[in-house]
C-alpha cells in the first residue's frame, strides 16, 4: 500500500500521499473513520475536511479509530458491488455529533486506474474483490439527539 499517512494523534492532521491509497471493499456494515479516510482521494475538499475532523477529534479527545461510519449499499449494481460501501457516509463522533460526507464513488481497475462507479458497472467483468476510492464533494455536521 502506497501511503505516507500519519497516524492521528491529538493535534496531528492526517496527511494523504496520493489517490492510490486504497483499501479493499469494506466487509462489515460499519467501519472506522480512519478506514474511510484511507480511501479518500487527495483534493482541496479533502484537505479542508481533514482540518475540520482533526479539530473535532482534538476537542473531543477521540481517536479516528473510535469514530464509526456507515456507507450506503446499492441494490441497483452488480453483485460484486453489493457488499461494498458506497457514499454518502454517516460518521458518529462523541457528544452526538454526526458528519455526513458526500462523495463521488470510484472503482479501482486492475490497472490501478480509477473510474467512476457509474462507468464501471457497464464493464463486462468487474474486478473482484472491488477496491473503491472516494472523491469528497461536500459534507455537513449535525448534532443528533
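The values are calculated or read from the model by the stated rules, or taken from the named source; none is laboratory data. Owing to the predicted nature of the structure, the values given are computational and were not obtained by experimental measurement. All Cβ positions, even for glycine, are placed from backbone atoms using ideal geometry, and neighbour counts span all protein chains on display.
Residues of region 124-141 that are out of contact with any helix residue (DSSP H, G or I) (no Cβ under 6 Å at 6 or more places or on another chain) and either within 14 Å of residue 87 (Cβ to Cβ) or at pLDDT below 95 (or both): 124, 125, 127, 129, 131, 132, 133, 134, 135, 137, 138, 140.
Within region 31-57, the set of residues being loosely packed, with under 15 Cβ neighbours inside 10 Å and farther than 25 Å from residue 116 by Cβ comprises 51, 52, 55. Here 95, 34 are screened, and the one residue that is at pLDDT 50 or above, part of a loop (DSSP other than H, G, I, E, B), in contact with a helix residue (DSSP H, G or I) (Cβ under 8 Å, 6 or more places away or on another chain) and within 19 Å of residue 139 (Cα to Cα) is 95.
Looking only at residues in region 105-123 that are at pLDDT 80 or above and in a helix (DSSP H, G or I), the one that is surrounded by the fewest Cβ atoms within 10 Å (Cβ to Cβ) is 119. Could you please give the count of residues in region 70-83 that are surrounded by 17 or more Cβ atoms within 10 Å (Cβ to Cβ) and either at pLDDT 95 or above or closer than 17 Å to residue 122 by Cα (or both)? So the answer is 3. Going by the conditions given, is residue 42 at pLDDT 90 or above and assigned to a loop (DSSP other than H, G, I, E, B)? Answer is yes for this residue.
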